[in-house]
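Working notes, structure below.
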C-alpha cells in the first residue's frame, strides 16, 4: 500500500466530484448543443476514473523500505510561509521593507553566518532591485508605510 | 525561390537591432540557466514571461526561444566539468564528457559539445525552413474535428512519453484542462468557476501557474537538500578539437542531428529522448563500444548534436500547426497568445515577421552561442560557484516581482504561491507538472474544437471518425493508449498462468 498515492488519488477524486457538481450548476447541455458545463463535466468524470486507477495501483503496491535521505522540510515550510506573508504584507509595508524582511528570512534559512551578514546582504538586494525595478524598468511598486 | 525570399525577409526581421538584442539576451540567459543545475529552461522561461509583455511579439519569442536552445549549450558545461547535468538533456554528456575532463581533455570535450550543437542547429534550421511551410499548406485544410483529433493526439503523446506514471500524467493533463475552463465559456460567454472573484472571470493566466509549478516548485524541491558542487579543477586548454577528434565526431554529429531533428517534431518527445537514442546508436555501431563511458569523444558529439537539433525542430509543430510539442513550446505559445497572436497555420500568412523572424533568429542565436560560449567558459565555471544562499532567494524575489508586475495584483502572487506548493507536492508524489501546463494551454482550443464539431454535426459523435485526418489522429491516440496498457496486461496474464496448477 502506498499512502502517497492513496492520499493524492483521494484529492483528485474530490476535485473531479467538485467539477461534476459545479458543471451541473452551469448547465451541461446535450450533444447537439453542449453547454458551458459540458467539457468540465466529462473532464470531471475522466479525472475520477484516472484517480480510481491510481488508488487501486496505490493499494496494490508494496511499501518499499528503502533508505531515506536526510532532508530539511523546515527550509521548505519557512520559504513558503515567507512568500505568502510577503504577498499579503507587500502593499501595506511597501516593496523596500517587505523585500528586506523576506530576504533576511530566506538567507538565514540557508546559511548561518554572523548576525550582520543577512541584514546587510538583504539591504543591498532590496535597495538595488528597488532602483532597478522602479527607476530603470519603471515598474509600479507599492509605497507602503515608508511613503516612497 | 519563395522560400529564399522568405528567409531573406526573416533575416531582415531577426537582424533588426531590438530583435538581435532580444536574441542575445535569450542566448546568454539560456546558457546561464543551462549552466546552473537545479533551474531549467522551463523555469527560466516562466520567470521571464512577464518581462516579455512589454516587448514586441517577435522580440519576446526570439528571446524565449533563445533561452530554450541556449540552455542546451550551457547544460553540457556542467556535465563535463562537474558531472552534474545542468539540463536533463545533458545527462548523457556526463558519461563521456566528465571522463574526458578527468583525462585532461576537458577543453576538446567542451569544444566538440559547442561545435556539434552549432552544426546540428544549422541542419535543424534548414530542415525547419523546408518543412514548416509544407506543414502550413497542409494544416490550412484542417477543420474543427481534425483539430480536436490533433490536440487529443498531442496530449496523448505527452502523457504516453511521461517518464513517471502514465496514469498520473493523464490525471495531470485532465487537471490542466479543467484549470483552462475557469473564466468565460469560449462559445456562449457564461462565467465558469469564478466563485465570485472578478480576478477569475478572465481565467487564470499562464504566468502564475508556470512560475509557481516550475520556478517556485523547483526551488522548493532543491531547498530540501542543498547538494555541494565541486567544480573540476583542471586548467582549460585547447578548446578546439584536433583533426583526429573531428574525424571521430563528424558522422556522430550528422546522425545525432538527423535523429534529433525528426524526433523533436513529435509531441512529447522533446530533446531528452533523442540524446539517449543517439548515445545508444553510436555505441551500437562503434568498433570500440567498450570505450563508451570511459571518455570517448563520439559519446559527447552525437548526443549534444541530437539535443540541439531536437530543441529547435520542436518549433515546427508550434509555428505551423499551433500545437506545442512540449512544455517549453507551450510557454512560448502562451507568450504569443498574451500578445494576441495565435500560433497555427495562419501564422505565416498573418504574421510573417514572427514566423520567419523567429526561425532565422535561431541561426543568428546559434552563431552567437558558438562565438560567445567558448571564450566565456571560464566565466560559466565561476557562475557555478555562486552560493545557493544568494541564488535561491534571488529566484524567489524574481518570481514574486515578475508576477506582481503583470497586473499589479498581490492575488497573482498568492496564486503563484499556491501553484508553487502544488508543484512541490506533485514532485514529491510522483506527478509531472509538464502535462498539466501543456493541457492548460491547449484546453481552450480543444474545448472550442470539440464543441464546434458537435454543434456542426448536430450531436453526431461519428464526425470524429468520418473525417480521415481526425480518424487517423484518434486511431493513433487509441493505439498509443492500448500499447501502454499492453505490458501490464501481458504481465498479469503471465502471473495468472504461472499461478494456475
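The values are calculated or read from the model by the stated rules, or taken from the named source; none is laboratory data. No experiment lies behind these values; they were computed from the predicted model shown. Neighbour counts are summed over all protein chains in view; Cβ atoms, including those assigned to glycine, are modelled from backbone coordinates with ideal geometry.
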Please work out which one of (1) on the phi < 0 side of the Ramachandran plot; (2) facing another protein chain (nearest Cβ under 8 Å) is the condition residue B:458 fails and give its number. (1)
In this structure, does residue B:478 turn out to be surrounded by 16 or more Cβ atoms within 10 Å (Cβ to Cβ) and away from chain A (no Cβ under 12 Å)? no
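Per-residue answers, yes or no, for (1) within 29 Å of residue B:428 (Cβ to Cβ); (2) more than 7 Å from chain B (Cβ to nearest Cβ):
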{"position": "A:3", "(1), (2)": "yes, yes"}
{"position": "A:6", "(1), (2)": "yes, yes"}
{"position": "A:12", "(1), (2)": "yes, no"}
{"position": "A:16", "(1), (2)": "yes, yes"}
{"position": "A:28", "(1), (2)": "no, yes"}
{"position": "A:36", "(1), (2)": "no, no"}
{"position": "A:54", "(1), (2)": "yes, no"}
Could you tell me whether any residue of segment B:142-149 is assigned to a loop (DSSP other than H, G, I, E, B) and surrounded by fewer than 24 Cβ atoms within 10 Å (Cβ to Cβ)? yes
Residues located in segment B:432-448, provided they are within 11 Å of chain A (Cβ to nearest Cβ) and crowded, with 24+ Cβ neighbours inside 10 Å: B:439, B:443, B:447
Can you tell me which of (1) in contact with a strand residue (DSSP E or B) (Cβ under 8 Å, 6 or more places away or on another chain); (2) in contact (Cβ under 8 Å) with a residue 40 or more places away in the chain is the one residue B:185 doesn't meet? (2)
Take the conditions more than 9 Å from chain A (Cβ to nearest Cβ) and under 30 Å from residue A:55 (Cβ atoms) and apply them to residue B:206. Does it pass? no
Within segment B:382-406, residues over 23 Å from residue A:75 (Cβ atoms), more than 7 Å from chain A (Cβ to nearest Cβ) and modelled with pLDDT under 75 come out as B:406
Kindly check whether there is at least one residue in segment A:92-100 that is surrounded by 16 or more Cβ atoms within 10 Å (Cβ to Cβ), facing another protein chain (nearest Cβ under 9 Å) and at pLDDT 90 or above. no
Evaluate the following for residue B:457: is it at pLDDT 85 or above and touching a helix residue (DSSP H, G or I) at 6+ places or on another chain (Cβ under 6 Å)? yes
When the residues of segment A:106-118 are narrowed to those that are part of a helix (DSSP H, G or I) and in contact with a helix residue (DSSP H, G or I) (Cβ under 6 Å, 6 or more places away or on another chain), which ends up nearest to residue A:80 (Cα to Cα)? A:106
Among the numbered criteria (1) in a helix (DSSP H, G or I); (2) out of contact with any helix residue (DSSP H, G or I) (no Cβ under 7 Å at 6 or more places or on another chain); (3) surrounded by fewer than 20 Cβ atoms within 10 Å (Cβ to Cβ), which one does residue B:199 miss? (2)
Among (1) more than 9 Å from chain A (Cβ to nearest Cβ); (2) surrounded by 19 or more Cβ atoms within 10 Å (Cβ to Cβ), there is one condition residue B:420 misses while meeting the rest; what is its number? (1)
Would you tally the residues in segment A:72-81 being crowded, with 20+ Cβ neighbours inside 10 Å and either more than 7 Å from chain B (Cβ to nearest Cβ) or touching a residue at least 24 places away in the same chain (Cβ under 8 Å) (or both)? 1
Of the residues in segment A:119-137, those that are more than 9 Å from every other protein chain (Cβ to nearest Cβ) and either under 20 Å from residue A:91 (Cα atoms) or in a loop (DSSP other than H, G, I, E, B) (or both) come to A:123, A:127, A:128, A:130, A:131, A:132, A:134, A:135
Please state which of the following conditions residue B:55 fails to meet, knowing it meets all the rest: (1) surrounded by fewer than 23 Cβ atoms within 10 Å (Cβ to Cβ); (2) part of a helix (DSSP H, G or I); (3) in contact with a helix residue (DSSP H, G or I) (Cβ under 8 Å, 6 or more places away or on another chain). (2)
What number of residues in segment B:3-20 are out of contact with any helix residue (DSSP H, G or I) (no Cβ under 8 Å at 6 or more places or on another chain) and in a helix (DSSP H, G or I)? 5
Quick check on segment B:1-15: of everything there that is buried (at least 18 other Cβ atoms within 10 Å of the Cβ) and closer than 23 Å to residue B:54 by Cβ, which residue is nearest to the chain's Cα centre (by Cα)? B:14
Any chance residue A:111 is surrounded by fewer than 21 Cβ atoms within 10 Å (Cβ to Cβ), without any contact (Cβ under 8 Å) to a residue 24 or more places away in the chain, more than 17 Å from the chain's Cα centre (by Cα) and at the interface with chain B (Cβ under 7 Å from one of its Cβ atoms): yes
Wholly inside segment B:237-356, helices (runs of 4 or more DSSP H) that include 3 or more residues that are under 29 Å from residue B:436 (Cα atoms) are B:243-265, B:272-285, B:298-313, B:327-338
Quick count over segment A:125-144, residues being loosely packed, with under 12 Cβ neighbours inside 10 Å and either modelled with pLDDT of 80 or more or out of contact with any helix residue (DSSP H, G or I) (no Cβ under 9 Å at 6 or more places or on another chain) (or both), is 5
